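Enquirer: Just passing along the structure, written as structure tokens.
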Amino acid sequence: MLLEIFALLFLGFAALAVDKPAVVSISPMAPIEAEAGTTVHVQIIATVKDGYHVQANPPSDEYLIPTKLDLAAPDGIIFGSPVYPIAESHRLQGADQELSTYSGRFSIDLPITVNSKLTTGNLTLKGSLRYQACDSRRCLPPASVPIDIVLQLTHANAPADAQQKH
């Protein structure tokens, strides 16, 4: 009997671990031209599946999980503070408090400063967008979607044909 209970618990946890379709998707981005020694602003476009919303950044309450960019900066790259959109108000069924959320399509502005000593060529920056999605009745566990940003690094004083060879 005890073995059967453990088996049922294991199967229940295994069912929770099965990948479910993402509620949020990130629009593919064309490579971003970035001159060494400058700052570029990248627009990360996210789309929330119909019938859902995600918690805003900042969220309306400290116990809620905000939508948040998480990117690792390689040497020579500095990420500025992301600029999140203005939140929309949303109320879950039966709740008495408004939540700050995003729904539909929204954009996050990410300033990226490129060190002047970086060489020309492509540099792929990898990260994720972490979010907590909810429908009108309940909130799902936090999830993340991957983000890839390709920078095409150039130098103002390099000949155009030298920049093309990388």
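No lab work stands behind these numbers, since they all come straight from the coordinates. Predicted model, so just to flag it, every value in this text is computed and none were measured. Using ideal geometry, Cβ is built from the backbone for each residue, glycine included, and neighbour counts are taken over all protein chains shown.
Enquirer: Do any trypsin sites (Lys or Arg not before Pro) in the range 64-116 lie in a loop, going by DSSP, with at most 13 other beta-carbon atoms within 10 Å of their beta carbon, and if so which? All intermediate terms of the calculation are to be shown ahead of the outcome.
Expert: Details: sites: Lys68, Arg91, Arg105; in loops: Arg91.
Passing sites in the range 64-116 are Arg91.
Enquirer: Let me have the relative contact order for the range 48-89, percent, based on Cα pairs under 8 Å that are six or more residues apart.
Expert: In percent, rounded to a whole number, it is 30.
Enquirer: Of the GluC sites (Glu not before Pro) in the range 16-83, which ones lie in a loop per DSSP and count no more than 11 other C-beta atoms within 10 Å? Present the calculation step by step, with values, prior to reporting the outcome.
Expert: Working: sites: Glu33, Glu35, Glu62; in loops: Glu62.
Those that pass, being in a loop and sparsely packed, are Glu62.
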